[in-house]
1. Scan the stretch 221-240 for residues that are within 16 Å of ligand 1 (Cβ to nearest atom) and either outside the structural domain of TYR145 (by TED's automatic domain parsing) or touching a residue at least 60 places away in the same chain (Cβ under 8 Å) (or both) and jot them down.
2. Output the number of residues of the stretch 241-259 satisfying the condition of being touching a Lys or Arg at 6+ places or on another chain (Cβ under 6 Å), away from ligand 1 (no atom under 14 Å from the Cβ) and closer than 22 Å to SER154 by Cα.
3. Would you confirm whether or not the stretch 152-172 contains a residue that is closer than 30 Å to THR276 by Cβ, modelled with pLDDT under 95, more than 16 Å from ligand 2 (Cβ to nearest atom) and in the same structural domain as PRO239 (by TED's automatic domain parsing)?
4. Across the stretch 195-216, what is the total count of residues that are in contact (Cβ under 8 Å) with a residue 60 or more places away in the chain and either within 13 Å of ligand 2 (Cβ to nearest atom) or not β-branched (Val, Ile, Thr) (or both)?
5. Any residue at all in the stretch 395-406 that is within 30 Å of GLY241 (Cα to Cα) and surrounded by 10 or more Cβ atoms within 10 Å (Cβ to Cβ)?
6. Cβ-Cβ under 9 Å, sequence separation 6+ or interchain: first residue in the stretch 267-284 and assigned by TED's automatic domain parsing to the domain that holds VAL249 and among the aromatic types (Phe, Trp, Tyr), partner exposed (fewer than 12 other Cβ atoms within 10 Å of the Cβ) and outside any loop (DSSP other than H, G, I, E, B). Which pairs?
7. Kindly list, by first and then second residue, each pair from a residue in the stretch 165-194 that is on the phi > 0 side of the Ramachandran plot to a residue that is assigned to a strand (DSSP E or B) and surrounded by fewer than 17 Cβ atoms within 10 Å (Cβ to Cβ), limited to pairs with Cβ atoms under 6 Å and residues at least 6 apart or on different chains.
8. Only one of ARG345, ARG331 is within 30 Å of the chain's Cα centre (by Cα) and either surrounded by 10 or more Cβ atoms within 10 Å (Cβ to Cβ) or not assigned by TED's automatic domain parsing to the domain that holds SER140 (or both); which?
Amino acid sequence: MITPQCLKLRLTSMVLEIHKSATKDEIRKAYRKAALSSHPDKVPEEERATAEIKFKSVQEAYDILYDEDKRNLYDTHGMGAFNGSGEPGMGAGPDIDDILAQMFGGGMGGMGGMPGGMPGGHRPPKPRRSPNEEQKYEVSLEDLYKGKTVKFASTKNVICSLCQGKGGKEKAQAKKCSTCGGEGYKQVLRQMGQFLTQQTVPCTTCNGDGQFFSPKDKCKKCKGNKTVEAKKILEIYIPRGAREGDKIVLEGEADQVPDQEPGDIIFHLVEIDHPTFERAGADLMATIDVTVAEALTGFSRVVIKHLDGRGIELKHPTKSCGVLSHGQVLRVPGEGMPIKRSDARGDLYLNVNIKFPDDKWKPSPAVLEKLKEMLPKPDPLIQADTVDEVDYDPKSNLDAFGANDPAGGSAWEDDDDEGETAQCATQ
Ligand SMILES: [Zn+2]
Ligand SMILES: [Zn+2]
(Lines give C-alpha, C1' and ligand atoms only; values in the text may rest on other atoms or scores of the structure.)
(Ligands and ions follow the chains in the order given, each with its own letter.)
Protein backbone atom coordinates (compact mmCIF):
# COMPACT_ATOMS: atom_id res chain seq x y z
CA MET A 1 0.00 0.00 0.00
CA ILE A 2 0.98 3.55 -0.53
CA THR A 3 2.46 5.66 2.20
CA PRO A 4 3.66 9.24 2.05
CA GLN A 5 7.17 7.94 2.61
CA CYS A 6 7.18 5.71 -0.39
CA LEU A 7 5.60 8.44 -2.45
CA LYS A 8 8.74 10.45 -2.12
CA LEU A 9 11.23 9.38 -4.69
CA ARG A 10 14.11 11.30 -3.28
CA LEU A 11 16.95 12.05 -5.56
CA THR A 12 20.19 11.29 -3.91
CA SER A 13 22.16 14.10 -5.44
CA MET A 14 22.07 16.96 -7.85
CA VAL A 15 24.06 14.83 -10.27
CA LEU A 16 21.23 12.37 -10.38
CA GLU A 17 18.70 15.14 -10.60
CA ILE A 18 20.14 16.46 -13.82
CA HIS A 19 20.35 12.93 -15.06
CA LYS A 20 16.79 12.16 -14.07
CA SER A 21 15.51 15.42 -15.43
CA ALA A 22 15.94 14.28 -18.99
CA THR A 23 12.57 12.61 -19.34
CA LYS A 24 12.06 9.80 -21.78
CA ASP A 25 10.17 12.24 -23.91
CA GLU A 26 13.10 14.62 -23.98
CA ILE A 27 15.48 11.79 -24.77
CA ARG A 28 13.24 10.66 -27.60
CA LYS A 29 13.05 14.15 -29.04
CA ALA A 30 16.79 14.67 -28.76
CA TYR A 31 17.35 11.32 -30.43
CA ARG A 32 15.08 12.14 -33.33
CA LYS A 33 16.81 15.44 -33.88
CA ALA A 34 20.28 13.91 -33.68
CA ALA A 35 19.30 10.95 -35.85
CA LEU A 36 17.84 13.22 -38.52
CA SER A 37 20.83 15.50 -38.67
CA SER A 38 23.30 12.66 -38.85
CA HIS A 39 21.35 10.38 -41.18
CA PRO A 40 23.73 9.03 -43.84
CA ASP A 41 21.19 9.82 -46.59
CA LYS A 42 21.35 13.50 -45.73
CA VAL A 43 25.07 14.09 -46.27
CA PRO A 44 27.30 14.32 -49.35
CA GLU A 45 28.85 11.11 -50.65
CA GLU A 46 32.33 11.78 -49.25
CA GLU A 47 30.97 12.26 -45.71
CA ARG A 48 28.76 9.20 -45.80
CA ALA A 49 31.13 6.77 -44.10
CA THR A 50 31.60 9.13 -41.16
CA ALA A 51 27.89 9.83 -41.00
CA GLU A 52 27.10 6.14 -40.88
CA ILE A 53 29.35 5.64 -37.87
CA LYS A 54 27.84 8.66 -36.16
CA PHE A 55 24.31 7.58 -36.95
CA LYS A 56 25.02 4.19 -35.40
CA SER A 57 26.45 5.85 -32.31
CA VAL A 58 23.43 8.08 -31.94
CA GLN A 59 21.22 5.00 -32.00
CA GLU A 60 23.45 3.31 -29.48
CA ALA A 61 23.32 6.32 -27.19
CA TYR A 62 19.56 6.43 -27.50
CA ASP A 63 19.26 2.72 -26.70
CA ILE A 64 21.27 3.23 -23.55
CA LEU A 65 19.54 6.35 -22.34
CA TYR A 66 16.06 5.15 -23.15
CA ASP A 67 16.42 1.85 -21.33
CA GLU A 68 16.48 2.44 -17.60
CA ASP A 69 18.61 -0.61 -16.80
CA LYS A 70 21.16 0.26 -19.43
CA ARG A 71 21.13 3.85 -18.33
CA ASN A 72 21.97 2.82 -14.78
CA LEU A 73 24.72 0.57 -16.06
CA TYR A 74 26.10 3.41 -18.13
CA ASP A 75 25.98 5.78 -15.19
CA THR A 76 27.91 3.34 -13.07
CA HIS A 77 30.40 1.84 -15.49
CA GLY A 78 30.51 4.11 -18.51
CA MET A 79 30.71 2.74 -22.04
CA GLY A 80 32.89 -0.15 -20.91
CA ALA A 81 29.69 -1.86 -19.81
CA PHE A 82 28.53 -2.03 -23.43
CA ASN A 83 31.48 -2.29 -25.80
CA GLY A 84 32.95 -5.34 -24.16
CA SER A 85 36.28 -3.65 -23.47
CA GLY A 86 35.42 -3.21 -19.81
CA GLU A 87 36.86 0.26 -20.03
CA PRO A 88 35.06 3.51 -20.52
CA GLY A 89 35.31 5.24 -23.84
CA MET A 90 37.00 2.39 -25.70
CA GLY A 91 34.24 1.77 -28.23
CA ALA A 92 34.73 1.89 -31.97
CA GLY A 93 33.82 5.06 -33.77
CA PRO A 94 33.28 8.45 -32.16
CA ASP A 95 33.16 8.68 -28.40
CA ILE A 96 29.60 8.09 -27.33
CA ASP A 97 29.93 10.86 -24.78
CA ASP A 98 30.49 13.37 -27.57
CA ILE A 99 27.30 12.17 -29.15
CA LEU A 100 25.45 12.47 -25.86
CA ALA A 101 26.81 15.95 -25.36
CA GLN A 102 25.64 16.88 -28.84
CA MET A 103 22.24 15.36 -28.30
CA PHE A 104 21.74 17.38 -25.17
CA GLY A 105 23.41 20.53 -26.32
CA GLY A 106 26.31 20.07 -23.94
CA GLY A 107 23.92 20.16 -21.05
CA MET A 108 24.36 16.62 -19.79
CA GLY A 109 27.71 17.20 -18.16
CA GLY A 110 26.39 16.31 -14.77
CA MET A 111 25.09 13.02 -15.97
CA GLY A 112 26.46 10.32 -13.74
CA GLY A 113 29.67 8.85 -14.96
CA MET A 114 30.21 10.76 -18.14
CA PRO A 115 33.95 10.47 -18.70
CA GLY A 116 35.59 13.64 -19.88
CA GLY A 117 33.05 15.84 -18.24
CA MET A 118 32.16 19.28 -19.50
CA PRO A 119 34.46 21.95 -20.74
CA GLY A 120 35.38 24.07 -17.72
CA GLY A 121 33.40 27.17 -16.93
CA HIS A 122 30.28 26.05 -18.73
CA ARG A 123 27.22 25.87 -16.58
CA PRO A 124 24.66 23.29 -17.68
CA PRO A 125 21.23 24.86 -18.19
CA LYS A 126 18.59 24.05 -15.61
CA PRO A 127 15.86 21.67 -16.65
CA ARG A 128 12.61 23.39 -17.54
CA ARG A 129 10.58 20.87 -15.65
CA SER A 130 11.10 19.36 -12.23
CA PRO A 131 11.66 15.59 -12.36
CA ASN A 132 8.75 13.20 -12.60
CA GLU A 133 8.27 10.91 -9.63
CA GLU A 134 7.70 7.40 -10.84
CA GLN A 135 6.73 4.50 -8.67
CA LYS A 136 5.03 1.16 -8.66
CA TYR A 137 1.52 0.77 -7.35
CA GLU A 138 0.29 -2.71 -6.47
CA VAL A 139 -3.33 -3.46 -7.19
CA SER A 140 -5.37 -6.55 -6.40
CA LEU A 141 -7.23 -8.31 -9.19
CA GLU A 142 -10.47 -7.46 -7.37
CA ASP A 143 -9.70 -3.73 -7.65
CA LEU A 144 -8.73 -4.07 -11.29
CA TYR A 145 -12.02 -5.88 -11.89
CA LYS A 146 -14.22 -3.36 -10.11
CA GLY A 147 -12.20 -0.18 -10.58
CA LYS A 148 -11.08 1.85 -7.58
CA THR A 149 -10.49 5.36 -6.38
CA VAL A 150 -7.64 5.70 -3.91
CA LYS A 151 -7.05 8.76 -1.78
CA PHE A 152 -3.81 9.28 0.04
CA ALA A 153 -1.87 12.00 1.76
CA SER A 154 1.28 13.04 0.00
CA THR A 155 4.08 15.25 1.23
CA LYS A 156 5.75 17.30 -1.42
CA ASN A 157 7.97 20.33 -1.76
CA VAL A 158 6.13 23.48 -2.76
CA ILE A 159 7.55 26.91 -3.52
CA CYS A 160 7.86 28.87 -0.28
CA SER A 161 4.97 31.31 -0.10
CA LEU A 162 6.89 33.85 1.97
CA CYS A 163 9.83 34.45 -0.38
CA GLN A 164 8.19 33.10 -3.57
CA GLY A 165 11.09 30.72 -4.04
CA LYS A 166 13.79 33.34 -3.75
CA GLY A 167 15.19 31.84 -0.54
CA GLY A 168 16.09 35.20 1.03
CA LYS A 169 14.40 38.05 2.85
CA GLU A 170 12.55 40.62 0.78
CA LYS A 171 15.31 43.17 0.28
CA ALA A 172 18.27 40.86 0.85
CA GLN A 173 20.83 40.37 -1.89
CA ALA A 174 22.30 36.93 -2.53
CA LYS A 175 26.07 36.60 -2.34
CA LYS A 176 28.13 35.13 -5.13
CA CYS A 177 29.51 31.71 -4.14
CA SER A 178 33.29 31.85 -3.89
CA THR A 179 33.75 28.07 -3.95
CA CYS A 180 32.58 27.82 -7.53
CA GLY A 181 33.05 31.42 -8.57
CA GLY A 182 29.31 31.80 -9.06
CA GLU A 183 29.13 29.01 -11.64
CA GLY A 184 27.21 26.62 -9.46
CA TYR A 185 29.32 23.77 -10.81
CA LYS A 186 32.86 22.64 -10.34
CA GLN A 187 35.24 20.14 -11.89
CA VAL A 188 36.25 17.09 -9.93
CA LEU A 189 38.47 14.15 -10.75
CA ARG A 190 36.91 10.77 -10.39
CA GLN A 191 38.19 7.24 -10.79
CA MET A 192 36.42 5.45 -13.64
CA GLY A 193 37.79 1.93 -13.81
CA GLN A 194 41.45 2.42 -14.63
CA PHE A 195 41.06 6.03 -15.66
CA LEU A 196 40.92 9.30 -13.80
CA THR A 197 38.27 11.37 -15.47
CA GLN A 198 37.16 14.93 -15.01
CA GLN A 199 33.55 15.49 -14.17
CA THR A 200 31.32 18.48 -13.70
CA VAL A 201 29.32 18.27 -10.49
CA PRO A 202 27.06 20.77 -8.72
CA CYS A 203 28.78 22.94 -6.15
CA THR A 204 27.88 21.78 -2.66
CA THR A 205 28.44 25.15 -1.02
CA CYS A 206 25.68 26.89 -2.98
CA ASN A 207 23.72 23.80 -4.05
CA GLY A 208 24.40 24.55 -7.67
CA ASP A 209 22.92 28.03 -7.57
CA GLY A 210 26.17 29.98 -7.83
CA GLN A 211 24.94 32.25 -5.05
CA PHE A 212 23.44 32.03 -1.58
CA PHE A 213 22.09 34.20 1.21
CA SER A 214 24.04 34.79 4.37
CA PRO A 215 22.35 33.22 7.43
CA LYS A 216 20.75 36.50 8.58
CA ASP A 217 19.29 37.15 5.12
CA LYS A 218 17.71 33.73 4.68
CA CYS A 219 13.94 33.50 4.39
CA LYS A 220 12.56 32.61 7.81
CA LYS A 221 9.95 30.24 6.49
CA CYS A 222 12.01 28.04 4.16
CA LYS A 223 15.40 28.78 5.76
CA GLY A 224 16.82 29.59 2.37
CA ASN A 225 15.69 26.31 0.82
CA LYS A 226 13.19 28.08 -1.49
CA THR A 227 10.68 25.33 -0.96
CA VAL A 228 8.79 23.98 2.04
CA GLU A 229 7.11 20.63 2.62
CA ALA A 230 3.36 20.60 2.30
CA LYS A 231 0.75 17.88 2.73
CA LYS A 232 -1.76 17.31 0.02
CA ILE A 233 -4.52 14.77 -0.42
CA LEU A 234 -4.14 13.14 -3.80
CA GLU A 235 -6.60 10.88 -5.53
CA ILE A 236 -5.94 8.30 -8.18
CA TYR A 237 -8.55 6.47 -10.17
CA ILE A 238 -7.88 2.94 -11.34
CA PRO A 239 -10.33 2.20 -14.15
CA ARG A 240 -12.02 -1.19 -14.27
CA GLY A 241 -10.14 -3.51 -16.57
CA ALA A 242 -6.81 -1.71 -16.03
CA ARG A 243 -3.85 -4.00 -16.27
CA GLU A 244 -0.26 -4.52 -15.25
CA GLY A 245 2.00 -1.80 -16.68
CA ASP A 246 -0.77 0.76 -17.11
CA LYS A 247 0.28 4.24 -16.06
CA ILE A 248 -1.73 6.60 -13.92
CA VAL A 249 -0.43 10.15 -14.18
CA LEU A 250 -1.05 12.91 -11.66
CA GLU A 251 -0.03 15.90 -13.71
CA GLY A 252 2.11 18.52 -12.05
CA GLU A 253 1.97 16.86 -8.63
CA ALA A 254 5.69 16.16 -8.28
CA ASP A 255 7.94 18.33 -6.12
CA GLN A 256 7.99 22.00 -7.05
CA VAL A 257 11.32 23.56 -7.95
CA PRO A 258 11.74 27.35 -8.36
CA ASP A 259 11.48 28.56 -11.97
CA GLN A 260 10.38 25.15 -13.18
CA GLU A 261 7.15 23.58 -14.21
CA PRO A 262 6.39 20.80 -11.72
CA GLY A 263 6.75 17.26 -13.06
CA ASP A 264 4.17 14.50 -12.76
CA ILE A 265 3.69 11.70 -10.29
CA ILE A 266 3.39 8.55 -12.35
CA PHE A 267 2.13 5.29 -10.94
CA HIS A 268 2.94 2.08 -12.76
CA LEU A 269 0.32 -0.51 -11.95
CA VAL A 270 1.51 -3.89 -10.74
CA GLU A 271 -1.04 -6.67 -10.58
CA ILE A 272 -0.82 -8.74 -7.40
CA ASP A 273 -1.07 -12.48 -8.01
CA HIS A 274 -4.49 -13.79 -7.07
CA PRO A 275 -4.91 -17.06 -5.15
CA THR A 276 -7.89 -18.19 -7.25
CA PHE A 277 -7.86 -16.42 -10.59
CA GLU A 278 -5.21 -16.19 -13.25
CA ARG A 279 -5.50 -13.38 -15.78
CA ALA A 280 -4.45 -13.36 -19.41
CA GLY A 281 -5.52 -10.13 -21.08
CA ALA A 282 -9.26 -9.89 -20.57
CA ASP A 283 -9.71 -13.59 -19.82
CA LEU A 284 -9.69 -15.25 -16.43
CA MET A 285 -8.92 -18.81 -15.50
CA ALA A 286 -9.66 -20.71 -12.31
CA THR A 287 -9.80 -24.31 -11.13
CA ILE A 288 -12.99 -25.75 -9.67
CA ASP A 289 -13.20 -28.90 -7.55
CA VAL A 290 -15.88 -31.44 -8.46
CA THR A 291 -16.37 -34.73 -6.64
CA VAL A 292 -16.52 -38.02 -8.49
CA ALA A 293 -20.18 -38.35 -7.55
CA GLU A 294 -20.90 -34.86 -8.92
CA ALA A 295 -18.96 -35.54 -12.08
CA LEU A 296 -21.00 -38.70 -12.68
CA THR A 297 -24.42 -37.79 -11.36
CA GLY A 298 -24.57 -34.02 -11.69
CA PHE A 299 -24.92 -30.95 -9.47
CA SER A 300 -26.35 -27.48 -9.34
CA ARG A 301 -24.33 -25.19 -7.10
CA VAL A 302 -22.01 -22.23 -6.78
CA VAL A 303 -18.63 -23.45 -7.97
CA ILE A 304 -16.62 -20.26 -7.43
CA LYS A 305 -16.86 -16.78 -5.94
CA HIS A 306 -16.13 -14.11 -8.53
CA LEU A 307 -13.89 -11.05 -8.02
CA ASP A 308 -16.90 -8.88 -7.20
CA GLY A 309 -18.18 -11.38 -4.64
CA ARG A 310 -20.89 -12.95 -6.81
CA GLY A 311 -21.34 -16.71 -6.65
CA ILE A 312 -21.01 -18.36 -10.06
CA GLU A 313 -23.49 -21.21 -10.29
CA LEU A 314 -23.24 -24.12 -12.69
CA LYS A 315 -25.77 -26.79 -13.55
CA HIS A 316 -24.48 -30.19 -14.58
CA PRO A 317 -25.13 -32.32 -16.58
CA THR A 318 -26.01 -30.35 -19.66
CA LYS A 319 -27.58 -31.64 -22.86
CA SER A 320 -24.22 -31.99 -24.54
CA CYS A 321 -22.17 -33.16 -21.57
CA GLY A 322 -23.22 -35.98 -19.30
CA VAL A 323 -20.05 -36.76 -17.38
CA LEU A 324 -17.31 -34.34 -16.36
CA SER A 325 -13.70 -35.47 -16.76
CA HIS A 326 -10.58 -34.38 -14.93
CA GLY A 327 -8.91 -31.48 -16.75
CA GLN A 328 -12.02 -30.65 -18.76
CA VAL A 329 -12.32 -26.92 -19.43
CA LEU A 330 -15.61 -25.07 -19.10
CA ARG A 331 -15.72 -21.66 -20.79
CA VAL A 332 -18.14 -19.10 -19.37
CA PRO A 333 -18.56 -16.31 -21.95
CA GLY A 334 -18.55 -12.74 -20.65
CA GLU A 335 -17.41 -13.57 -17.10
CA GLY A 336 -13.79 -12.52 -17.62
CA MET A 337 -12.26 -9.11 -16.88
CA PRO A 338 -13.98 -5.92 -18.02
CA ILE A 339 -12.36 -4.31 -21.05
CA LYS A 340 -11.39 -0.68 -20.44
CA ARG A 341 -13.71 1.97 -21.84
CA SER A 342 -16.25 -0.58 -23.07
CA ASP A 343 -19.01 -2.81 -21.79
CA ALA A 344 -17.35 -5.90 -23.22
CA ARG A 345 -15.79 -8.53 -21.03
CA GLY A 346 -13.44 -11.42 -21.55
CA ASP A 347 -14.33 -15.03 -20.78
CA LEU A 348 -13.92 -17.15 -17.70
CA TYR A 349 -12.23 -20.52 -18.16
CA LEU A 350 -12.94 -23.09 -15.48
CA ASN A 351 -10.56 -25.97 -15.21
CA VAL A 352 -12.28 -29.06 -13.76
CA ASN A 353 -10.43 -30.87 -10.99
CA ILE A 354 -12.12 -34.15 -10.14
CA LYS A 355 -11.65 -34.87 -6.48
CA PHE A 356 -11.41 -38.56 -5.95
CA PRO A 357 -12.20 -39.86 -2.47
CA ASP A 358 -9.14 -40.15 -0.24
CA ASP A 359 -8.11 -42.92 2.21
CA LYS A 360 -10.79 -41.85 4.68
CA TRP A 361 -13.44 -43.18 2.35
CA LYS A 362 -14.07 -46.75 3.56
CA PRO A 363 -17.05 -48.15 1.74
CA SER A 364 -18.34 -51.59 2.66
CA PRO A 365 -17.51 -54.48 0.30
CA ALA A 366 -21.19 -54.58 -0.61
CA VAL A 367 -21.12 -50.95 -1.76
CA LEU A 368 -17.95 -51.52 -3.74
CA GLU A 369 -19.50 -54.57 -5.37
CA LYS A 370 -22.51 -52.51 -6.33
CA LEU A 371 -20.36 -49.70 -7.74
CA LYS A 372 -18.44 -52.19 -9.82
CA GLU A 373 -21.68 -53.49 -11.17
CA MET A 374 -23.00 -50.03 -12.01
CA LEU A 375 -19.91 -48.38 -13.44
CA PRO A 376 -18.65 -49.04 -16.99
CA LYS A 377 -16.74 -52.29 -17.41
CA PRO A 378 -12.98 -52.30 -18.12
CA ASP A 379 -11.55 -52.81 -21.58
CA PRO A 380 -11.00 -56.43 -22.72
CA LEU A 381 -8.24 -58.21 -20.78
CA ILE A 382 -4.68 -57.95 -22.10
CA GLN A 383 -3.55 -61.33 -23.35
CA ALA A 384 0.05 -62.47 -22.61
CA ASP A 385 1.86 -65.82 -22.66
CA THR A 386 3.55 -65.35 -19.27
CA VAL A 387 2.23 -63.21 -16.46
CA ASP A 388 4.18 -61.92 -13.40
CA GLU A 389 2.45 -60.44 -10.42
CA VAL A 390 4.61 -57.56 -9.04
CA ASP A 391 4.92 -55.44 -5.88
CA TYR A 392 4.69 -51.68 -6.20
CA ASP A 393 4.95 -48.40 -4.26
CA PRO A 394 1.55 -46.78 -4.48
CA LYS A 395 2.73 -43.36 -3.21
CA SER A 396 5.59 -42.66 -5.60
CA ASN A 397 6.21 -39.73 -7.94
CA LEU A 398 8.30 -39.02 -11.02
CA ASP A 399 11.10 -37.09 -9.31
CA ALA A 400 13.54 -39.95 -9.65
CA PHE A 401 12.40 -40.97 -13.13
CA GLY A 402 15.53 -41.30 -15.28
CA ALA A 403 17.77 -39.99 -12.50
CA ASN A 404 19.93 -43.15 -12.40
CA ASP A 405 20.80 -43.00 -16.07
CA PRO A 406 24.62 -42.50 -16.24
CA ALA A 407 24.26 -40.62 -19.55
CA GLY A 408 21.75 -38.31 -17.93
CA GLY A 409 19.91 -38.24 -21.19
CA SER A 410 16.50 -39.23 -20.01
CA ALA A 411 16.26 -37.29 -16.77
CA TRP A 412 12.70 -36.31 -16.15
CA GLU A 413 11.83 -32.74 -17.01
CA ASP A 414 8.79 -31.03 -15.69
CA ASP A 415 6.28 -30.37 -18.34
CA ASP A 416 3.23 -28.35 -17.52
CA ASP A 417 1.56 -29.37 -20.72
CA GLU A 418 -1.09 -31.83 -19.71
CA GLY A 419 -1.53 -32.94 -23.28
CA GLU A 420 -4.99 -33.18 -24.65
CA THR A 421 -7.88 -32.36 -22.36
CA ALA A 422 -10.78 -34.66 -21.97
CA GLN A 423 -13.75 -33.88 -24.11
CA CYS A 424 -17.39 -34.64 -23.65
CA ALA A 425 -18.79 -37.19 -25.99
CA THR A 426 -21.66 -35.72 -27.93
CA GLN A 427 -24.80 -37.61 -27.40
ZN1 LIG B 1 11.10 31.23 1.77
ZN1 LIG C 1 29.01 27.44 -5.34
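1. LYS221, CYS222, ASN225, LYS226, THR227, VAL228, GLU229, ALA230
2. 1
3. Within the stretch 152-172, one or more residues are closer than 30 Å to THR276 by Cβ, modelled with pLDDT under 95, more than 16 Å from ligand 2 (Cβ to nearest atom) and in the same structural domain as PRO239 (by TED's automatic domain parsing).
4. 9
5. Among the residues of the stretch 395-406, not one is within 30 Å of GLY241 (Cα to Cα) and surrounded by 10 or more Cβ atoms within 10 Å (Cβ to Cβ), which makes the answer no.
6. PHE267/LYS136
7. GLY182/LYS176
8. That would be ARG345, the only listed residue that is within 30 Å of the chain's Cα centre (by Cα) and either surrounded by 10 or more Cβ atoms within 10 Å (Cβ to Cβ) or not assigned by TED's automatic domain parsing to the domain that holds SER140 (or both).
The values are calculated or read from the model by the stated rules, or taken from the named source; none is laboratory data. Since the model is a prediction, treat every value here as computed from it, not as a measurement. Neighbour counts run over all protein chains shown; Cβ positions are idealised from the backbone, glycine included.
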